[in-house]
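A short write-up of the structure that comes next.
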There are 2 protein chains.
Amino acid sequence: MSDKPTPLSGFPELLPEHRVVERQVIASLSRSFELHGFANIETRVVEPLERLAKGGEIDKEIYVLQRLQATRHGGAEAPEPALGMHFDLTVPFARYVLEHAGKLEFPFRRFQIQPAWRGERPQEGRYRQFTQADIDIVGRDELPFHHDVEVVRVMVEALDALPLPNLSFQVNNRKLIQGFYRGLGIPDVTAAIRQIDKLDKVPAEAVRALLVSEAGATEEQADRCLELATIRVADTSFVERVRALGVDDELLETGLSELAAVVDGCREAVNEHVRVEANLRIARGLDYYTGTVLEVFMAGYEHLKSVGGGGRYDALASDGRTTYPGVGVSFGVSRTLIPLFSDGVLAPGPKVPSRVLIAVVDEESRSASDAIATSLRRRGIPTEVAASAQKYGKQIRYAERRGIPYVWFPDSNEIKDIRSGEQQPADPDSWTPTEETEQ
Amino acid sequence: MSDKPTPLSGFPELLPEHRVVERQVIASLSRSFELHGFANIETRVVEPLERLAKGGEIDKEIYVLQRLQATRHGGAEAPEPALGMHFDLTVPFARYVLEHAGKLEFPFRRFQIQPAWRGERPQEGRYRQFTQADIDIVGRDELPFHHDVEVVRVMVEALDALPLPNLSFQVNNRKLIQGFYRGLGIPDVTAAIRQIDKLDKVPAEAVRALLVSEAGATEEQADRCLELATIRVADTSFVERVRALGVDDELLETGLSELAAVVDGCREAVNEHVRVEANLRIARGLDYYTGTVLEVFMAGYEHLKSVGGGGRYDALASDGRTTYPGVGVSFGVSRTLIPLFSDGVLAPGPKVPSRVLIAVVDEESRSASDAIATSLRRRGIPTEVAASAQKYGKQIRYAERRGIPYVWFPDSNEIKDIRSGEQQPADPDSWTPTEETEQ
């Protein structure tokens, strides 16, 4: 390979000093999810194309796989199902649940942190390969509502533990909107939800017109839909405000009490850093949500749209005999971290895990330097040995460039903290870094 | 989705209780690599097809990507480079080094644990998606030989820390073989290496014939090549045995001393569980190895061929002006773990991370159970709350099925160890599991 490669648009890659931060974020998320009993799984990255096309939005740009030799030789072998790369973690998870149902315990709590792929035209905040972190709880035949509260609270706690700008969970409930529209007498409730979902991109006036033209609403009904959509509060006072709009419907009442339970159930988890609000304009365009719906926004990054989202789907999966209802929240790891790295909001970590560089006097005594390194490593201190026996000044600069804070001189058995310049005698069998015991 | 999915051949997926073991293995490998100063990176999963084809073996079955909409609409958009999924982690790493060279510090030690894909016909030990763990050290323009010793020793230590059957590192050196063949006067040295590499699959008699027909060797030269290939020892006594064959060559001498240094340099790391042997028949078919070569075998699983391998390549990458020599070892995570799971050699872990199930008296008091769970989680104890307020006997069986060892009864504030049956009073703010403090 003798040419200089150019980056592939839409396929971002991290340098080691950013990757270490991404790994810390993933480890922190995993720890939070496991504290709540979520088990980890990974699914294969491909699904039969047919299954991907059933995933709700069939307009996604899916990457389809072809075997190179099959292309070249005209595919003489037995035909195989067309495979595509998954574009989210929900479709493969639903398939995983169906395929392995007999070996899983329900309700099944799982977290999954993996890349997904979309062949989209890359733009800010949109990548062709991006990592997501999903949690879902899935039941067999039924899944009590309290899991809706649980899954939101778990994601609130998990994201609160991350070094991110302030986050806002905007929660709503499909039953609330549907019941309200139905009680109001709007002819096409689903079409109305789709129009309201456009409020972020389209002015209210235009949405009002669409409610009339696309959902069959009267001008007055459209106004009330828009009124509902303006309600946004961080407590359960929305219940009274909705009731004041004078619509009476059983489904609406269920929606109100479910949404109130989610907001209330997160009360002890929320703070300045992570808020939870009832926002009655949140609809999420996807048709399969049936109750709780939510989106997560990051302060200063509202132009990225949501950095997370999810909700309840009463039929995540079904094999014809058994239905598996689920509720889940997804967090966009790449979507969040990459802009924060670019903007310097998230500082890079160290370029190498090493805490200590053992200097080398000359190549003949390299094994003496190796022996010191072995002692430190035995006690869990990441250590590397200098690549060559240059002058000590050069070896110190080698450590500096990598961000290694200590240099050990094997001839004098002294260690130098290159941040303070302090140098003192040290014993390979007992010395530990002063400020931190491990990476 | 209303049909029962069937597994995709060659794309194995783990149940949660096996995945937890795979994660422990990956965490252990990462810890070992970081102790030695290796930084983690991940590369995107696709490369331009041209670059994949340059990777040495162009006969690999590569999965090529096509955008679904592009296929459907006849690709009206601007053409993009054809993309394929990487079939190993070396080709993408070489490209990563070239692309980011200006921002990396050399020698650059990196580890990478990611899946790779091959569109091969699946067979035992061969998958279409499989996870590998690679370590490499790459220099700019030069890379001292001592890094060959380092990289082998690091992988020996990393694999020694895993709960695997006994492992054997079989090491050789290309300079040794090449020098020996050259000193012997064999006309086509490269062809001879390729024939010797077949000794695992083809009887010695047949290899002898191939050495004559394909590499232009005389019968007597072929005999000496086969003699060399029978030498296999766990110490440096091979040096004398090779010298006794009476071939004199400068490159041979370099190879002998390099191989002796690797075997010698691993002496303190090896034991019953992981051995390192000089095996002079190891060649590895790939043309780009230039010095150290090795393969790793697992006791009882020799039919899988190697579970790892690697070596020195003096030109891992080049941009025309600068050459980047490297040395590395790859370990097949899926290739090793999946057969061990199937055979029950590696026991599954727990189905869920939860250590405690908080029972629920009735739905009205669920928040009391939640509060106990919150106390335990604050102290790092993974906890879940029962899904429904069934009879306690049913809630205990729920915990049993998941492998959760403790059940907490919130009405009496008592905790039951369901393995021993013991039940005693417990305080949510101070109780800890007796035998282990964390998962």
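Read the figures in this text as sums done on the coordinates, not as results from a lab. Computed from a prediction, not measured in an experiment: that's the story for all the values here. Cβ placement follows ideal geometry from the backbone for every residue including glycine, while neighbour counts extend to all protein chains displayed.
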Using a 7 Å offset from Cα along Cα-Cβ at B:Glu268, what residues in the range A:412-433 end up with backbone N under 16 Å from the label point? A:413, A:427-431
Using a Gaussian network model on chain B with a 10 Å cutoff between Cα atoms, which of B:Val154, B:Val385, B:Val333 fluctuates the most? B:Val385
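Only bridges whose two residues both fall in the protein assembly as shown count here: according to DSSP, what percent of them are antiparallel, nearest 5?
Values: 107 of 133 bridges.
In the protein assembly as shown, approximately 80 percent of DSSP beta bridges are antiparallel ones.
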Across the identical copies, how the B:Ile26 labels are spaced - nm, sorted shortest first, 7 Å along Cα→Cβ: 0.6
So the label point sits 7 Å from Cα along the Cα-to-Cβ vector; using that for B:Ala161, what distances do you get to the other copies, in nanometres, sorted shortest first? 2.1
Using a basic spin-label model with each label point 7 Å from the Cα along Cα→Cβ, how many nm lie between A:Glu414 and B:Ala27? 4.1
Say each of B:Arg379 and B:Glu105 gets a label point 7 Å from the Cα, pointing the same way as Cα to Cβ; how far apart are those two points in nm? 4.2
Under 5 Å between amide hydrogens, which residues at least 5 positions from B:Leu14 or on another chain qualify, with H placed 1.01 Å from N in the peptide plane? A:Glu42
Relative contact order for the range A:356-425, counting Cα pairs under 8 Å that sit 6 or more residues apart, in percent: 34
Chain B: relative contact order as a whole-number percent, Cα under 8 Å and 6+ apart: 16
Lysines near B:Lys351 by alpha-carbon distance under 19 Å, same-chain residues fewer than 8 away left out - which ones? A:Lys103, B:Lys394
Hey, got the dipole for the range A:1-160? About the Cα centre, +1 on K and R Cβ, -1 on D and E Cβ, debye to the nearest 20? 460
Treating every alpha carbon of the range A:118-236 as one equal point scatterer without solvent, the Debye formula yields log10 I(q)/I(0) values at q = 0.11, 0.14, 0.24 Å⁻¹ of -0.58, -0.89, -1.20
Would you work out which of A:Leu29, A:Leu83, A:Thr131 lies farthest towards the positive end of the dipole of the range A:1-160, given +1 charges on the beta-carbon of Lys and Arg and -1 on that of Asp and Glu, about the Cα centre? A:Leu83
Per residue of A:39-49, count partner chain C-beta atoms within 10 Å of its C-beta, then hand back the mean as an integer. 6
Can you compute the charge dipole magnitude of chain A about its Cα centre, using +1 on each Lys and Arg Cβ and -1 on each Asp and Glu Cβ, nothing else charged? Give it in debye, rounded to the nearest 20. 1020
Counting other C-beta atoms within 10 Å, and keeping those with at most 12, which DSSP coil trypsin sites (Lys or Arg not before Pro) do you find in the range B:280-364? B:Arg321
Mind checking which of B:Arg397, B:Arg267, B:Arg19 has the largest fluctuation in a GNM of chain B, springs on alpha carbons under 10 Å? B:Arg397
Straight-line reach from B:Lys60: which lysines have Cα under 23 Å away, leaving out those fewer than 8 places along the same chain? B:Lys198, B:Lys201, B:Lys305
Label position 7 Å from Cα toward Cβ: report the copy-to-copy distances for B:Ala53 in nm, one decimal, ordered from shortest. 3.0
Two decimals is fine: what's Rg over Rh for chain B, C-alpha atoms, Kirkwood radius as Rh? 1.08
Mind giving me the nanometre distance, one decimal, between the label points for B:Ser365 and B:Thr6, set 7 Å out from Cα along Cα→Cβ? 5.2
Name all residues of the range B:273-305 having a backbone nitrogen under 11 Å from the label point set 7 Å from the Cα of B:Val345 along its Cα→Cβ direction, giving them as ranges. B:297-305
May I ask you to list, by number, the DSSP H helices of chain B whose Cα span along the axis is at least 30 Å and whose average Kyte-Doolittle hydropathy reaches 0.0 or more? none
Using helices alone, I'd like the mean residue ellipticity at 222 nm for the protein assembly as shown: each DSSP H run of four-plus residues gives -39500 (n - 2.57), total over residue count, nearest 500. -10500 deg cm²/dmol
Connecting every pair of Cα atoms under 10 Å apart in chain A and solving the GNM, the largest mean-square fluctuation among A:Asp429, A:Asp148, A:Asp248 falls on A:Asp429
Mean separation of Cα contacts under 8 Å, 6 or more apart, over the residue count of the range B:253-393: relative contact order %: 13
About the Cα centre, charge dipole magnitude for the range B:356-425 (Lys/Arg +1, Asp/Glu -1 at Cβ), debye: 320
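Report the percentage of all Cα-Cα pairs in the range B:356-425 whose separation exceeds 16 Å, rounded to a whole percent.
Numbers: 961 of 2415 pairs.
The calculated P(r) of the range B:356-425 puts 40 percent of pairs beyond 16 Å.
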